[in-house]
Amino acid sequence: APRLLPAAPHGGAPTTAAARGSPCAGARAPRGACAARMCAAEPGAEPSLLSRRPALLLMLAQAGALLSAVGGEATAAGFSEPEGLRAAIVALITDEKKRINDDGPLFVRLAWHSSGTYDKLTRTGGSGKGTIRFKEELQHEANAGLDKAVSKLEVIKQKYPQVSYADIYTLAGAVSVEAMGGPVIPWRGGRVDSMDPKDVTPDGRLPDADKGSEKETLGHLRQVFRRMGFSDKELVALSGAHSLGRAHKENSGYDGAWYGPQPTKFSNVYFDLLLHPTQEEDGKWEPMKVEGSGKLQYKTTSPDEIMLPSDVALLSDPSLRKWVEVYSRRKDIFFEDFAVAFGKLLELGRDQEPK
């Protein structure tokens, strides 16, 4: 199953760890840095970030998380986050000039894939046991290339041996999103690592980019996200992680960055790009086959922009497309909804005890 989450980019404009934009910072420069259609609140539009704040706090309360007044950090009973842990992760993904390197998107993908195997009915899989470090899980087709992320984070485990691998992998994803200009992700520690590869779930639980037709691909996406307990809105919000990184042909068979100019900048540009692939009013995504792999993906006249079949399929379903349109216009709503959905994703399986 080809990966659907951001991989580490090769090249592209760097992003400072401290960078934060205006509500329209996700807009592509050629379209105007603050286009009204992406920023302004419209009559009947979604509520403002401030008015929607209680929904986020309710989600955190339901998860049992306790947010501190400063920084939004959350802890679980019995877990005490070591001082300097987050800073050590940020240091891994930044260079000497405080620019984000290729590992930022890579760590987001690791956190996603370590959590996205959860099954709410059988209560198996998810982030709770850190099983993605086992070769049996790294060998799953969708996890190609993630051995590099596991290896890079070993230095964090050596420095903080009291923190589980499962906590390190999920926290690295949450910290990376924020460092790349995204929202603060609610996160709790306290996961307990499994020492038995038998805890690895069967291959095939992660979403696939193409099931042969648009209808089959949409059905597959819904089945995977429903299995984890996500709604259509959350499915679309989590798809927004495709503003980061690139697909690597040697890993997935797909090739290119969703948005090449800023592959380490978290924004809502993915949704704007999906709806408006070119500067022309009638612009559209053109299908193409990747040389060597034969995989179907979509391109524009720009060599720096691609979409996968699962991305383009979001536009064909009214209940999914409406969220693409909302997130394209409103970066603030996307950031809030992504924070809730990604925080929920990282929680999946957190309370499981290893066998």
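Can you say whether Lys148 is closer than 17 Å to Ile100 by Cβ, open to solvent by 10 Å² or more (accessible area, probe 1.4 Å) and not polar (S, T, N, Q), as far as the supplied structure shows?
yes
Of the conditions (1) among the polar types (S, T, N, Q); (2) modelled with pLDDT of 95 or more; (3) farther than 17 Å from Gly343 by Cβ, Ser80 clears all except one; give me its number.
(2)
Take Ile168 and decide whether it is at pLDDT 95 or above and within 15 Å of Glu83 (Cα to Cα).
Here the answer is yes, as Ile168 does meet what is asked.
Take Pro277 and decide whether it is in contact with a strand residue (DSSP E or B) (Cβ under 6 Å, 6 or more places away or on another chain) and open to solvent by less than 20 Å² (accessible area, probe 1.4 Å).
No; evaluated as a whole, the condition is false for this residue.
What's the total number of residues in the stretch 87-108 that are open to solvent by 60 Å² or more (accessible area, probe 1.4 Å) and of a type outside the set (A, V, I, L, M)?
Here the count works out to 4.
Kindly establish whether Leu218 is under 24 Å from Asp317 (Cα atoms), part of a loop (DSSP other than H, G, I, E, B), open to solvent by 10 Å² or more (accessible area, probe 1.4 Å) and not basic (Lys, Arg).
No; evaluated as a whole, the condition is false for this residue.
With Val200, Val224 as the choices, which residue is open to solvent by less than 50 Å² (accessible area, probe 1.4 Å) and more than 30 Å from Asp332 (Cβ to Cβ)?
Every option except Val200 fails the conditions.
Could you please tell me which pairs satisfy a Cβ distance under 8 Å, a separation of 6+ or placement on different chains, a first residue in the stretch 207-222 that is free of Cβ contacts under 8 Å to residues at least 12 places away in the same chain and more than 20 Å from Glu141 (Cα to Cα), and a second residue that is among the charged types (D, E, K, R) and open to solvent by 50 Å² or more (accessible area, probe 1.4 Å)?
Every condition considered, the pairs that remain are Gly219/Lys211.
Can you tell me which residue is nearest to Tyr118 (Cα to Cα) among those in the stretch 228-251 that are small (Gly, Ala, Ser) and open to solvent by 10 Å² or more (accessible area, probe 1.4 Å)?
Out of the qualifying residues, it is Gly229.
Does Glu325 fit the bill of being open to solvent by 40 Å² or more (accessible area, probe 1.4 Å), touching a residue at least 12 places away in the same chain (Cβ under 8 Å), assigned to a helix (DSSP H, G or I) and of a type outside the set (A, V, I, L, M, F, W, C)?
Against the criterion (open to solvent by 40 Å² or more (accessible area, probe 1.4 Å), touching a residue at least 12 places away in the same chain (Cβ under 8 Å), assigned to a helix (DSSP H, G or I) and of a type outside the set (A, V, I, L, M, F, W, C)), Glu325 qualifies.
So, in the stretch 174-190, exactly how many residues are out of contact with any strand residue (DSSP E or B) (no Cβ under 7 Å at 6 or more places or on another chain) and either open to solvent by less than 10 Å² (accessible area, probe 1.4 Å) or within 23 Å of Gly240 (Cα to Cα) (or both)?
10
Considering only residues that are surrounded by 24 or more Cβ atoms within 10 Å (Cβ to Cβ), under 23 Å from Arg226 (Cβ atoms) and touching a residue at least 40 places away in the same chain (Cβ under 8 Å), which ones fall in the stretch 119-136?
Gly125, Gly126, Ser127, Gly128, Lys129, Thr131, listed by residue number.
Kindly check whether there is at least one residue in the stretch 254-267 that is in contact with a Pro (Cβ under 7 Å, 6 or more places away or on another chain), more than 26 Å from Trp187 (Cβ to Cβ) and surrounded by fewer than 17 Cβ atoms within 10 Å (Cβ to Cβ).
no
List pairs: first residue in the stretch 153-179 and more than 15 Å from Trp112 (Cβ to Cβ), second residue among the small types (Gly, Ala, Ser) and in a helix (DSSP H, G or I) anywhere in the structure, Cβ distance under 6 angstrom, at least six positions apart or on different chains.
Within 6 Å, the pairs are Ile156/Ala88.
Name the residues in the stretch 154-168 that are out of contact with any helix residue (DSSP H, G or I) (no Cβ under 6 Å at 6 or more places or on another chain), open to solvent by less than 20 Å² (accessible area, probe 1.4 Å) and assigned to a helix (DSSP H, G or I), would you?
Ala166, Asp167
The values are calculated or read from the model by the stated rules, or taken from the named source; none is laboratory data. All values derive from a computational prediction rather than experimental measurement. Here Cβ is always computed from backbone atoms with ideal geometry, including for glycine, and neighbour counts include all displayed protein chains. When the accessible area is computed, the model is the full protein with side chains, heavy atoms only, and any ligands, DNA or RNA have been set aside. Shrake-Rupley method; radii C 1.70, N 1.55, O 1.52, S 1.80 Å.
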